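What follows draws every value from the coordinates through simple rules; no lab data is involved. Predicted model only: the values in this text are computed from it and were never measured. Using ideal geometry, Cβ is built from the backbone for each residue, glycine included, and neighbour counts are taken over all protein chains shown.
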Amino acid sequence: MELDELYDYCSSRPYATSGFPFDENLMTFQVGGKIFAMIAVHFWEQGDRNIILKCEPQLATELREEYEDITYGYTMNKKHWNTVYLRGRFTPDQIKEWIDHSYDLVYDTLSRKELIQLGKTRL
C-alpha cells in the first residue's frame, strides 16, 4: 500500500482524525483522541515504509513470530504495539485487517462520555 492509500483507509474509519501532535514527521490517526496508528513520514520518504499499529498482546507476539517484517512498536509499549514494515510481503487486505484490529481495540476503550462527544448518540 502507498502512503496515500494508508492515509485514506485510516481516515475512513468512523470518527477517525489525523494529525501531527508530536512533530511534523509523525502522522497519527486517532479515534476519540486516542491513537490507533502512526506513520513516520520522514522514514517513509527515505524508503523505510512502515506503520505502527496497536495490537492485542497475544496476537502481537504471534505476528512477530510469524513475520520477520513485523516487529515491536518503535518507541511504543512493546506489548501492545507492532511496527509493520511494508516491503511488499503483505496484501492490502492483511494491512487493512491489522488497521481495523488496531482501530477496534482503541474504539472499544472509549467511555460513554467520549462516544457522546464523538457524536455517537445511540449507545
Margin query: Using the basic label-point model (7 angstrom from Cα toward the beta carbon), what is the Asp23 to Glu65 distance in nanometres?
Written below: 3.6 nm
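For region 8-110, calculate the relative contact order in percent as a whole number, restricting contacts to Cα pairs under 8 Å that are 6 or more residues apart. Could the numbers behind the result be given before it?
On the way: 160 pairs, mean separation 25.0, N = 103.
Result for region 8-110 is 24 percent.
Quick one: order Met76, Met1 by neighbouring beta-carbon count within 10 Å, fewest to most.
Working: Met76 16, Met1 19.
Lowest to highest Cβ neighbour count: Met76, Met1.
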Notebook entry, point to check: Under 5 Å between amide H atoms, partner at least 5 residues away or on a different chain: which partners does Tyr72 have, H built in plane at 1.01 Å?
Noted result: Thr83
Notebook entry, point to check: Quick one: helix 92-107 against the long Cα principal axis of the chain, what's the angle to the nearest 10°, folded into 0 to 90?
Noted result: 40 degrees
Notebook entry, point to check: Can you count the Lys pairs in the chain whose Cα atoms are under 27 Å apart, with each pair 8 or more apart or on different chains?
Noted result: 14
Notebook entry, point to check: region 1-110: which GluC sites (Glu not before Pro) are DSSP loop and have at most 13 other beta-carbon atoms within 10 angstrom?
Noted result: Glu2, Glu24, Glu68
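With a cap of 15 neighbouring Cβ atoms within 10 Å, and only residues DSSP puts in a loop, list the chymotrypsin sites (Phe, Trp or Tyr not before Pro) found in region 54-123. Please list the in-between numbers first.
Values: sites: Tyr67, Tyr72, Tyr74, Trp81, Tyr85, Phe90, Trp98, Tyr103, Tyr107; in loops: Tyr67, Tyr74, Phe90.
Here the chymotrypsin sites (Phe, Trp or Tyr not before Pro) that fit, given the DSSP loop and packing criteria, are Tyr67, Tyr74.
Lys and Arg at +1, Asp and Glu at -1: add these up for the other residues within a Cβ distance under 15 Å of Met76 and post the number. Walk me through the intermediate numbers first.
Working: positive: Lys34, Lys54, Arg64, Lys78, Lys79; negative: Glu56.
Local charge sum for Met76: +4.
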Notebook entry, point to check: Mean shadow of region 3-118, computed from the convex hull of its alpha carbons, in nm²?
Noted result: 7.0 nm²
Margin query: I'd like the distance separating the alpha-carbon centroids of region 1-61 and region 77-104, in whole Å.
Written below: 10 Å
